[in-house]
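Written out below as C-alpha cells is the structure these notes cover.
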Amino acid sequence: MRFFLLVAVLSLGAARASSAQLAPNADWHTLHTRHFRVHFAPALEQEARRAAVNAERAYAQLSTELVPPRGTIDLVISDDVDYVNGYATPYPTNRIVVYAHPPTDASGLRDYEDWNALVVTHELTHIFHLDRSRGIWRIGQGIFGRNPLLFPNLYEPRWVLEGLAVYYESRLTGVGRLESAEHLMTARAAALANRIPKLQELSPGTSRFPGGEVIYIYGSLLFDYLSRTRGPQSVRDFVEVGAKTPIPFILTVTSRKAFGMSFQTAWEHWRDSLMRETRQPHEVMPGWRQLTNAGYVALFPRWLGDTTLIYAADKARETAGAYRVALSGRETRLGRRNGSSPNVRMPDGSVLFSQPDFTSPYNIRNDLFVERNGKQIRLTNGARLTTPDVRSDGDIVAVQDEPATTRIVRVSPDGKRIAPITATTLDVQWSDPRWSPDGSRIVAVRQSRGRSDIVILDSAGKVIDAFGFTRAINSSPSWSPDGRRIYFSSERTGAPQIFVADVTSFGPTVSRISDAATGLFAPEVAPDQSELATLLFKADGYHLGVAPLRGVTRYGIADSTRISPRAGCVNCIDTVPGLPPLGVADTSKATSYSAFPSVLPRYWLPVFASSTQDGFTYGLQTSGTDVVGRHAYTVDIEHNNRFGQNSAWFSYRYAGFGLPLVDVFASQSHSNGSLFADVNGAIVNVGDLLELDRYAALEATFVRPRFRTYSVGSIGAEIEGIGYSTSPDTLFPHLNEFYLTARTFPGIIASAGWSNAQRPALSISPEDGISASISGRQR
C-alpha cells in the first residue's frame, strides 16, 4: 500500500515539476556574497550580478527593521517564464526564487526603479519574517532541525505574510505597491460599494474580486496604517512577539502586545477612516455609460467599427476569452484565450492576439496567434511577444521579452521575420506599442529607473518625441483616428485617470479629461470620433463603457508630479545611508552550481505507531531538495520493538535531464500475522508469521504540459522479494510449503494520462473536458 501511495505522489510530483518553473537541467552558475548564494543561467549573468548587490542592499535595509535570519540564503534568478512572480520559503533552507521578467504586462506593478531590487526586497522580507523563531520554537528546532512544523510565523494567515512583505517593499524602496495607486484604488472602490471585506474574509481562496490579491492589498494597507498610527517599531515588535508565542495562529494576543490593540480593532479603525476619506461617486466623464456587467478582468478594448468593440476578459466563471460587445450592450464570446491580450483585426479579417503556452515542461513563452473562422493558428514559436498591434498593411508591432528586459519589435504578417527597433538594456522597459493611423509612427510607454513617459517613434524605432514624463505609472496610449491626439491613462494625480495630448506639435502639453473616484483605464476613440471607450474599475472588477467625445471636459494641464497615497507621511519610508546605488553589479568570480549545500537533510520528524498485534514502532522521516529542483528525496526509517524489525522507505527523483524525470524507490517492510494450531481440539495462538518484503523500482516519467492539455507517461522496472519466518522459529518447518521458499518477482510497470479539463477561477473542480489515465503491470 505504501508503494502505491508513493507512485501517486511521484505522479503528482511530475505535474508539480512543471509548475515550479525552474529548469533543473539548465547550466546553473553561482555567485557567492556575504549572505547569499545567487544562482543563475548564463543568459542572466548581468541581471544576477545586479541581484547579488540588490540582495545585500536589501539585507542591510531589513536588518535595521527586523532580526536577520540564520545562515546563507539561496537566491535563484530565473527567466523560464514570461510572467511576473517570486516566492520564498524558510525550509528546508532559506531560499528565494525570483523571475527576472519585468512587470511590463502588469501595470499595477510598474512602480519601481529596479524591478529586481523591489522583488528581492519583498521576498527577502518573507525570509526575515518566517525564519524568526524564539522560545519553545527555537528549542524545538534545536532538536528537530528546520522542521516545517516549527516555524511559528508560518501559522499566521497569508494576509499577514504578504501584507508585511508589501509593507516593507515600499517602506524600504520608496516605490512599490503602497506607493502606487492600485491598492488604495481597490479599497476605495470597495468602500464606495460598501463591500470592504471583513478581516476574516481575507483569504487567497476567496471567490470575491480581486481574488487572491486581497491578501496583498488589505494586508499591506493594514500594516501601513498601524505603522503610521503606532510607529514603525510596532511592526518589528509584532514579528518578535509572534516568533515566540505558543499559539501563533491566534493573533489577538500578539497584535495587542505589539500595537496596543487587536488586529480586529485596527481593521475597524482603518475601515472607518477610509469610508470617511472616500468621496462619493460622481460622473466619470460626461455621458459615460457602462456596456459590460460581468466585472472581474476586462482589458484592451479595441473598436471593430463605429458601434462594436472587442476586448479581452476573464470573467472567472469560464476560461479567459475574447468578447465582442455592441453599444447596445449585447455581448458575444468569440474564442478562448490562454491569457489576456489585445485582440486586433488583421487586414484579411482574422484576429491577432498573443497568448502564453508551454514550450517545454519548464518554459512558458508568449507567442502570436491568429483566429480565423473559429480556428487558432500559431504565427510564432517561443518568440516571447506580447501586446501586438497591426498596421493597415498587416505589419505587426509588439513587445518582445528578453532576459530581464523588453524591447519593441516589428513582425511580418506571417510571423516569420522579427526585427528589433529599440535597444535592449536592463534599465529601460517598453510596453503598449500602437501604430498611428497612417502607419508612419508608433506610440509606446517607456520606463526607466522609476520614470515613465509616452514616446513617439518612427517606424524604424527612432524617437521623435516624448511627453507625459512622471514618476507615476503611465499606460495604454492610443491614437485618435486623425492621428492628432494621443490618449492614455496615468495615476499621476493619485488615481488612474484619462489624459490627452495634442501631438501636432513637439513637446505637447497633457490635460486630464476624466474624474473617476476609483480608476479609469485604456482609452480608445471610435473610428468616427464620436465615442471614447474606457475601462472603469469598480468593486467587482473592470467594466467597459463609453462616453461621447464631444462632451469631454478638460480639468487643466497635468504636471509630472506623482501624488503618493502616503504623501506627507514622514515615517512611511526609511532610507538607509551608505548603500550602493541601484544598477551596481557584483564582480566576483562565478562558480559552477553545486546542489550539495542545499540538498543536505536539514530536519527530521519523529514517527510513532502502536498496535495490539505489532507492539510499538518508532522512527524518523526526513526529506530534501536542492534549490533548483534537480534532486529530491524522502527517507523513512522505523524500528519495531516487539519483533526487532527494521523497516525503511527511500524515494529519490532526479530531474537533471529535464526529461525524463527519473524516480528511484526502495523499501524494506514487514507484515506480521498470528499463527493458530489445533491443540487438543482447541484453536490456540501458538506464534506469529513474519513477512519480509523488499522492493525496488526505477521509473522514467515524461510530461507534456500545455495550457489546454496535460499529458504524462511513465515506464519502469521493478523487483520485489518476499520471504517468511516465524516467531518462535521452531514453528517454521511446520508451515505450508508455500511459505518455506523465498520468492522474487521482477516486473515492468507503465502508465499514461491525458486531460483537457478546464479550471475557471470560480470552479470548484475541473470541468468542460475529459481526464483519462491507464496503468499496467507485467509481473
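Pull up the range 386-406, narrow it to residues that are part of a strand (DSSP E or B), in contact (Cβ under 8 Å) with a residue 60 or more places away in the chain and open to solvent by less than 10 Å² (accessible area, probe 1.4 Å), then point me to the one that is nearest to PRO433 (Cα to Cα).
Restricting to residues being part of a strand (DSSP E or B), in contact (Cβ under 8 Å) with a residue 60 or more places away in the chain and open to solvent by less than 10 Å² (accessible area, probe 1.4 Å), the top hit is VAL399.
In the range 519-534, which residues are open to solvent by 10 Å² or more (accessible area, probe 1.4 Å) and either assigned to a loop (DSSP other than H, G, I, E, B) or of a type in the set (S, T, N, Q) (or both)?
PRO527, ASP528, GLN529, SER530 - these are the residues of the range 519-534 that are open to solvent by 10 Å² or more (accessible area, probe 1.4 Å) and either assigned to a loop (DSSP other than H, G, I, E, B) or of a type in the set (S, T, N, Q) (or both).
Taking strands (runs of 3 or more DSSP E) that fall entirely within the range 20-115, which contain at least 1 residues that are small (Gly, Ala, Ser) and either modelled with pLDDT of 95 or more or surrounded by fewer than 24 Cβ atoms within 10 Å (Cβ to Cβ) (or both)?
Output list reads 73-78, 86-89.
Name the single residue, out of those in the range 671-696 being under 30 Å from VAL599 (Cβ atoms) and of a type outside the set (Gly, Ala, Ser), that is most open to solvent (accessible area, probe 1.4 Å).
The qualifying residue most open to solvent (accessible area, probe 1.4 Å) is ARG694.
Looking at ALA383, is it of a type in the set (Gly, Ala, Ser) and outside any strand (DSSP E or B)?
yes
Quick check on my filter: what residues within the range 458-478 are open to solvent by less than 20 Å² (accessible area, probe 1.4 Å) and closer than 22 Å to SER341 by Cα?
ILE473, ASN474, SER475, PRO477, SER478, listed by residue number.
Considering each residue of the range 117-148, count those that are under 16 Å from ILE247 (Cα atoms), in a helix (DSSP H, G or I) and of a type in the set (D, E, K, R), and give that number.
1
In the range 225-338, which helices (runs of 4 or more DSSP H) lie fully inside it and hold 2 or more residues that are surrounded by fewer than 19 Cβ atoms within 10 Å (Cβ to Cβ) and in contact (Cβ under 8 Å) with a residue 40 or more places away in the chain?
233-242, 263-277
Only one residue in GLY629, GLY624 is within 23 Å of ALA696 (Cβ to Cβ), touching a helix residue (DSSP H, G or I) at 6+ places or on another chain (Cβ under 6 Å) and surrounded by 15 or more Cβ atoms within 10 Å (Cβ to Cβ). Which one?
GLY624
Tally time: how many residues in the range 564-609 are of a type in the set (S, T, N, Q) and surrounded by fewer than 11 Cβ atoms within 10 Å (Cβ to Cβ)?
3
So which residues in the range 596-615 are modelled with pLDDT under 95, assigned to a strand (DSSP E or B) and either of a type in the set (D, E, K, R) or touching a Lys or Arg at 6+ places or on another chain (Cβ under 9 Å) (or both)?
Passing the criteria: only GLY615.
Among VAL576, VAL627, which is the only one that is at pLDDT 95 or above, within 33 Å of the chain's Cα centre (by Cα), of a type in the set (A, V, I, L, M) and under 30 Å from GLU113 (Cβ atoms)?
Answer to the selection: VAL627.
Just to be sure I understand the filter: pairs with C-beta atoms under 6 Å, separated by 6 or more residues or on different chains, first member in the range 766-779 and in a loop (DSSP other than H, G, I, E, B), second member of a type in the set (D, E, K, R). Which pairs pass?
PRO766/ARG759
List the number of the failed condition for GLY545; all other conditions in (1) part of a loop (DSSP other than H, G, I, E, B); (2) buried (at least 18 other Cβ atoms within 10 Å of the Cβ) hold.
GLY545 satisfies all of (1) part of a loop (DSSP other than H, G, I, E, B); (2) buried (at least 18 other Cβ atoms within 10 Å of the Cβ) except (1).
Can you tell me which condition VAL684 does not meet? The list is (1) farther than 30 Å from SER773 by Cα; (2) of a type in the set (A, V, I, L, M); (3) in contact (Cβ under 8 Å) with a residue 12 or more places away in the chain, and all the others hold.
For VAL684, the failing item is (3).
Residue check: is GLY211 open to solvent by less than 20 Å² (accessible area, probe 1.4 Å), out of contact with any Asp or Glu (no Cβ under 9 Å at 6 or more places or on another chain) and closer than 25 Å to PRO496 by Cβ?
Here the answer is yes, as GLY211 does meet what is asked.
The values are calculated or read from the model by the stated rules, or taken from the named source; none is laboratory data. In this text the structure is predicted, and so the values were computed from the model without any measurement. All Cβ positions, glycine included, derive from the backbone under ideal geometry; neighbour counts span all protein chains shown. What goes into the accessible areas is simple: the full protein's heavy atoms, side chains included, and nothing from ligands, DNA or RNA. Shrake-Rupley method; radii C 1.70, N 1.55, O 1.52, S 1.80 Å.
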